[in-house]
Amino acid sequence: MVCAVYCPLVFYSLKFNVLKTFEELGVSAEIRQAIEELGYEHPMPVQEEVIPYLLGENNDVIALAQTGTGKTAAYGLPVLQKIDAGRNETQALILSPTRELCLQIADDLESYSKYLPGVRVLPVYGGANIEPQIRTLKKGVQVIVATPGRLIDLMERGVASLEQVENVVLDEADEMLSMGFSESIDKILAGVPENHNTLLFSATMSREIERIAKKYLRDAKEIVVGSRNEGAETVNHVYYMVHAKDKYLALKRVVDYYPKIYAIIFCRTRMETQEVADKLIQDGYNADSLHGDLSQQQRDLTMQKFRQHRIQFLVATDVAARGLDVDDLTHVINYGMPDDIESYTHRSGRTGRAGKKGTSICIIHTKERSKIRAVEKVIGKEFVKGELPSGKEICEKQLYKVIDDIERVEVDEEEIAQFLPEVYRKLEWLDKEDLIKRVVSREFGRFLEYYANAPEISEPTGRERGEKRGKRNAHGAEEGYTRLFLNVGKVDGFYAKEVMKLINDNVRGKVEIGRIDLMKSFSFFEVPEAEAERVLQGLAKAQVKGRRITVEIATGEAHEPGDGKKARRAGRDGRKGRDERGARDRRKHDNGYAYEEAAYGKPKGTKGKEAAGKKRAERAEKPSREERGYTAARGKKYTKDDWKQFFEPKGADGLVGEEPDFSEEGWARRIPKK
């Protein structure tokens, strides 16, 4: 009988999860009043897990959660609640990777502490005048929100004292480590008392994060919202496959197809970021750029306009956009895939925040397909292959937007009443249909004019598994491009950025660069066929770290030495190209092996082994020189007087003075190489 009553109650509690309140989590009344004014009603999952635990003593935490899940409030509320406003000394330190995130965190904490009198929060970051920050620190602040570089500067000046810090927060810790702040974090944490709490928030769990956690956290509780290293559940992932030369045209079609889009467009380099932003502005879009070449004032102004929706498209680099917290982003557009998966996770996490839906779009070419597959495996989500909309589909979407905008216009008759008679008089010769046509054409004409003659963007037919090799040219380059070999690779610290810098520094004029393939000790890159000769000439005498580099047209698919059967051999045309170039000594390259071995791999088949064994057997059967009767040393015989033949008259009679003794020290001594 007891079981019959009790079991249904247990089932009910499991099925219906009652939402908790901030009061139940232990948040003070003063902070609750402030966050209720900000629109907070119920805590988000990461806040439910983290806040009660952090309100305790000596509780270190590693929280893994995507951006936009409420992390700032998760650590900000308990940190503020534990501040003693009567102590005029720094009690909490929050580290962030970028200036933008630093300012956002400080603004949020000031809002949360609205009804906590005496609690002062100070953001300190580079790119701004340090003197005001020093003056404020001397007056005393309880919470410092800082970027690592500026904080170390203030510590070395003796202005920022961390001796009384009780709570240290590392926000976006994975981003800080990927930006090279590992040593800075070590230096900062070395100046904090040992009995402090450490709160580590990250979107992904890398080996470096685990190293920091093991070194500085004590019995840390790991709180995971979702799964380790996964993408946000509310984000859809779509990719469009285009030729490299059609990327910008594809971008235009994507943004035109979504009239209400509000997006960040991520690019790989500062130059590409500025170029894409300039093209969008030139084509009539409301866009701006955000990258490291801009001053702090320019970056702040750009972000202010973007948050106020005065800018529809923000074109940014990964570094500049790290930590950005912008509400209501509908899309994130990847203008090419980033080099690592963690960067993609952070990019896509900018949309789909606070439970809202978002879309991450990737515009890629065939050679980036493998990156899509790699991201899918890590984030546990499948990308949808999209088809670029046609000009007709885009025009229909934009037309409906114009009609919707006209329908939603609120008319203030009192304001326009005095002007209406003149308007009616001027338009009385137009009937209703003509007037509608003219209004729509005026608002809609730009799209009609562009897409009436716009060429359709064809999807590349790159070589799929099982397809014939004839679809690519003999050198493995995309159609219209030439593939070039470069005798430096990853072991030389050479990556995509270095390849582009090498070309920009040594080749005059602008050069469009296609695919870049980085191997362990050599690389390939593609340039338009018309530019290939100019690039070869420009790089003919180029050097990298004092080392002469070699650049030439590639003759086949490249594989590292030792790939053996796994290495795909070059096609027949590639072999012909290699034979024709046989007279050239490929072993002039100083990367340790010939280009043929780099491109085709060492022969490890059965025939190669049999040939090598046969040669060894022949050498073993052949008698030695001594056995064949040769006793004298091989080569020309020299005597100690041979040097005299170079003087006239011949012999010693032509010499004046004492004959030199070449056995003395200093004669013909080889000077060792430095």
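The values are calculated or read from the model by the stated rules, or taken from the named source; none is laboratory data. As the structure is a prediction and not an experimental result, all values here were calculated from the model. Cβ sites come from the backbone with ideal geometry, for glycine too, and all protein chains shown count toward neighbours. For accessibility, only protein heavy atoms count, side chains too; no ligands or nucleic acids. Shrake-Rupley method; radii C 1.70, N 1.55, O 1.52, S 1.80 Å.
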- Message: Can you tally the net charge around Asn195? Count Lys and Arg as +1, Asp and Glu as -1, for every other residue whose Cβ sits under 10 Å from the Cβ of Asn195.
- Response: -2
- Message: Counting only other residues whose beta carbon sits under 10 Å from that of Ser360, what net charge do I get with K and R as +1, D and E as -1?
- Response: +3
- How large, in percent, is the carbon and sulfur part of the accessible surface of segment 52-125 at a probe radius of 1.4 Å? 47
- Assuming R0 = 30 Å, can you tell me the calculated FRET efficiency for the pair Arg373 and Ala128, based on Cβ-Cβ distance, to the nearest 0.05? 0.10
- Highest mean packing first, using Cβ neighbours within 10 angstrom, the peptides 134-144, 340-350 sort as 340-350, 134-144
- Val159/Lys279 FRET efficiency (R0 41 Å; Cβ-Cβ; nearest 0.05): 0.35
- Message: Using a probe radius of 1.4 Å on heavy atoms only, what accessible surface per residue do you get for segment 270-426? Whole Å² is fine.
- Response: 53
- Item | Å² of accessible area per residue within segment 85-225, as computed with a 1.4 Å probe and no ligands counted | 41
- Item | Sorted peptide list for 273-280, 155-162, criterion being average Cβ within 10 angstrom, highest first | 273-280, 155-162
- Query: Using a probe of 1.4 angstrom, how much of the accessible area of segment 311-422 is carbon and sulfur, in percent?
  - Reply: 50
- Item | segment 476-522 - accessible surface per residue (Å², probe 1.4 Å) | 48
- If you average 1/r over every pair of different alpha-carbon atoms in segment 157-311 and take one over that average, what Kirkwood value in Å do you get? 19.6
- Note on the structure: Cα-only Rg/Rh for segment 64-178 with Kirkwood Rh rounds to 0.94
- Surrounding net charge for Ile134, when Lys and Arg each add one and Asp and Glu each subtract one, Cβ distance under 14 Å: +2
